[in-house]
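Participant: Sending over a structure as structure tokens; questions will come in a sec.
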Amino acid sequence: NFRIDMIKMNDDELEFDMVGIDAAIANAFRRILLAEVPTMAIEKVHIYNNTSIIQDEVLAHRLGLIPIKADPRLFEYKSEGEDFSPEDTIIFQLKVKCTKNSQAKDTTDPDEMYKDHKVTTKHLKWIPMKGQDTIFKEGDLRPVNDDILIAKLRPGQEIDIRVFCNKGIGKDHAKFSPVATASYRLLPEIYLKSPVTGALAEKLQSCFSPGVIVIDTENGNKVARVANARKDTCSREVFRHDNLKDLVELKKVRDHFIFSVESTGILPPDILVEEAIKVLMKKCQDFMSDLDT
């Protein structure tokens, strides 16, 4: 009876149903998506000059949380103590100096008064290591978004640094987590124990999220009907009303899980689910191998 139903998918979000599985399996997928699907993130920061008001360690921490658009499947894990290599490292340079805009007059807007006073991720420039420029083209390796604010400068202040990205998993640090959120919920079930009509039907409709209860007209009477229990947010508002609480029964389908996966943009959400499945399969294979030995 197991099946997977695709509900909604775009570049950043995926919603799908997993039906006929145990809660432990559903939770395993969630935990793996959060903590065990690898990504590339900034691991080391070499600071040559930083005259901004942001301390070096704070600046390094802010840089580490920037999502990097790079397919981690094309890179290896870096071993502790080994030098950076093209197989396991991506290098970016951030070199920005703020200057006055000599053409700005009679304004207090910093965007007009100064040049390069906002340091954003668009200033991160990829520096190919040996052989990387034959594999990747310009734009393949970059921050996910170009408008993430890193620091603000004033004339005379500058930042000159190099950052080194390595492969890792969210279990080691949250910056490696490939999802903004990965969650699931059980499919709601709503039963009307008896017909709800007239003004009571309208009151019942107002107790649920839009689209859950609709009102039909039968022989000139308004009759409430459960249209889409999936849209219910489980507020249980209906139980606050004495004339409604005995007319409705709320349940959950115990083996129907509604998954929601929101990617940080590093990989599409459907690829993230694929990779999570591969991680779980590898865990199962290793466990069976341990049992055999």
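The values are calculated or read from the model by the stated rules, or taken from the named source; none is laboratory data. Predicted, not measured: the structure shown is a model, and the values here were computed from it. Neighbour counts run over all protein chains shown; Cβ positions are idealised from the backbone, glycine included. Side chains included, ligands, DNA and RNA excluded: accessible areas come from the protein's heavy atoms. Shrake-Rupley method; radii C 1.70, N 1.55, O 1.52, S 1.80 Å.
Participant: For the stretch 123-129, in order, what is each residue's ³J(HN,Hα) by Karplus, 6.51 cos²θ - 1.76 cosθ + 1.60 with θ = phi - 60°, in whole Hz (x at glycine and Pro)?
Facilitator: Here the 3J(HN,Hα) series is 7, 6, 10, 6, 10, x, 7 Hz.
Participant: What does the C-alpha gyration tensor say about the overall shape of the stretch 121-201? Classify as rounded when a/c is under 1.5, otherwise prolate if a/b is larger than b/c, or oblate.
Facilitator: Judged from the Cα gyration tensor, the stretch 121-201 comes out prolate (a/c at least 1.5, a/b above b/c).
Participant: Quick check on the chain: helices-only [θ] at 222 nm, where DSSP H runs of length 4 and up contribute -39,500 (n - 2.57) each and the sum goes over total residues. Nearest 500, please.
Facilitator: -6500 deg cm²/dmol
Participant: Next question, about the same structure. Just to confirm, what accessible area per residue do you get for the chain at 1.4 Å probe, in whole Å²?
Facilitator: The answer is 58 Å² per residue.
Participant: Output the Kirkwood hydrodynamic radius of the stretch 110-167, Cα pairs only, in Å rounded to one decimal.
Facilitator: 13.5 Å
Participant: Moving on to the next point. What is the spin-label model distance, in nm, from T293 to H241 if the labels are put 7 Å beyond Cα along the C-beta direction?
Facilitator: 6.3 nm
Participant: Anyone know which of D255, D109, D12 comes out most mobile in the 10 Å Cα GNM of the chain?
Facilitator: Between D255, D109, D12, it is D109 that shows the largest mean-square fluctuation.
Participant: Take the chain, connect every pair of alpha-carbon atoms lying under 10 Å apart with a spring to form a Gaussian network, then pick out the residue of K125, K175, K278 with the largest mean-square fluctuation.
Facilitator: K278
Participant: Here's a follow-up. Given a Förster distance of 35 angstrom, what is the FRET efficiency for E249 paired with M6, based on the Cβ-Cβ distance and rounded to 0.05?
Facilitator: The computed FRET efficiency comes out at 0.75.
Participant: Can you list the HN-Hα couplings for the stretch 255-265, worked out from phi with the Karplus curve (6.51, -1.76, 1.60; θ = phi - 60°), rounded to whole Hz and with x for Gly and Pro?
Facilitator: Each residue's phi maps through the Karplus curve to give 10, 10, 10, 9, 9, 10, 10, 10, 7, 6, x Hz.
Participant: In the neighborhood of K283, defined by Cβ-to-Cβ distances under 12 Å, what is the net charge if each Lys or Arg adds +1 and each Asp or Glu adds -1?
Facilitator: Around K283, the charge tally is 0.
Participant: Who wins for biggest fluctuation among S206, S52, S260 in a Gaussian network model of the chain, springs between alpha carbons below 10 Å?
Facilitator: With Cα springs under 10 Å in the chain, the top fluctuation among S206, S52, S260 is at S206.
Participant: Then there is this: Considering only Cα-Cα distances, which of the following residue pairs are longer than 21 Å: K78/K137; K95/K118; K222/K245; K100/K125; K105/K125?
Facilitator: Violating the 21 Å Cα-Cα cut-off are K78/K137; K100/K125; K105/K125.
Participant: Follow-up. With θ set to phi - 60° and the Karplus curve 6.51 cos²θ - 1.76 cosθ + 1.60, what are the ³J(HN,Hα) couplings of the stretch 59-64 in order, to the nearest whole Hz, using x for Gly and Pro?
Facilitator: These are the phi-based 3J(HN,Hα) values: 4, 4, 5, 4, 5, x Hz.
Participant: Now for a different question. Summarise the accessible area of the chain (1.4 Å probe, protein heavy atoms) by the percent that is carbon and sulfur.
Facilitator: 48 percent
Participant: Report, in degrees rounded to the nearest 10, the 0 to 90 angle that the Cα long axis of helix 23-35 makes with the longest principal axis of the chain.
Facilitator: Value to nearest ten degrees: 20.
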